[in-house]
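Right, one structure below, let's go through it.
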Amino acid sequence: QVQLVESGGGLVQPGGSLRLSCAASGNIFRFYQMGWYRQAPGKQRELVATITSGGSTDYADSVKGRFTISRDNAKNTIYLQMNSLKPEDTAVFYCNAKPFAGSVGYWGMGTHFTGSS
């Protein structure tokens with residue numbers, strides 16, 4: 001059973017920064033891809049950023065240039081550095097790990113971020 005535990009959410013003023021962490025049980029090298037998704041109130045869950053086992057990254061257009069996804073294989077953890085935060089970034093952020101391409105993967109319970117002035 002794979003467990004993903006997100007942390008780092010909180011309340012940040014617009015323009016601020018925050019770093020989210022997702023700690024996985026076991027070696028993250030076994031996952032084809034890991035990523036962050038978010039779900040804002042009343043909206044569907046959407047992709048934020050992904051990173052493959054080879055280190056290739058992809059981002060939603062809305063966060064390009066502001067968010068950075070990274071991984072620390074030694075700590076079995078991925079991160080999402082969020083800069084220049086906006087109120088519209090407010091959402092529950094979920095970590096996902098896909099064992100192979102096309103799989104639904106495993107989900108964490110989420111961590112909540114609120115961008116508020």
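The values are calculated or read from the model by the stated rules, or taken from the named source; none is laboratory data. All values reported here derive from a predicted model rather than from experimental measurement. All Cβ positions, even for glycine, are placed from backbone atoms using ideal geometry, and neighbour counts span all protein chains on display. To get the accessible areas, we keep the full protein, side chains included, count just its heavy atoms, and leave off ligands, DNA and RNA. Shrake-Rupley method; radii C 1.70, N 1.55, O 1.52, S 1.80 Å.
What residue among M109, N76, G16 has its Cα farthest toward the positive end of the dipole of the chain, where the charges are +1 on Lys, Arg and -1 on Asp, Glu, each on the Cβ? Working it through, the farthest residue towards the positive pole turns out to be N76. Magnitude of the charge dipole for the stretch 10-117, about its Cα centre and with charges confined to Cβ atoms of Lys, Arg (+1) and Asp, Glu (-1), is about 140 debye. These residues, D89, D58, go from largest to smallest accessible area, 1.4 Å probe, as D58, D89.
Starting from the Cα gyration tensor of the chain, multiply each eigenvalue by 5, take the square root, and state the resulting semi-axes largest first in whole Å.
Working: eigenvalues 105, 37, 35 Å².
Taking √(5λ) for each eigenvalue gives 23, 14, 13 Å, largest first.
The residues neighbouring L47, those whose beta-carbon lies less than 11 Å from its own, together hold a net charge of -1 under the Lys/Arg +1, Asp/Glu -1 convention. In order along the stretch 46-58, the phi-based Karplus estimate (6.51 cos²θ - 1.76 cosθ + 1.60, θ = phi - 60°) of 3J(HN,Hα) comes to 10, 5, 10, 7, 9, 9, 8, 5, x, x, 6, 10, 8 Hz; Gly and Pro are listed as x.
Using a probe of 1.4 Å on the protein chains alone, the accessible area found for I51 is around 10 Å².
Which of the lysines could be linked to K64 by a straight reach, that is with a Cα gap under 21 Å, when you skip same-chain ones fewer than 8 residues away? Within reach: K43, K86. Applying the Karplus relation 6.51 cos²θ - 1.76 cosθ + 1.60 with θ = phi - 60° to the stretch 39-44 yields 3J(HN,Hα) values of 9, 7, x, x, 10, 7 Hz, where x marks Gly and Pro.
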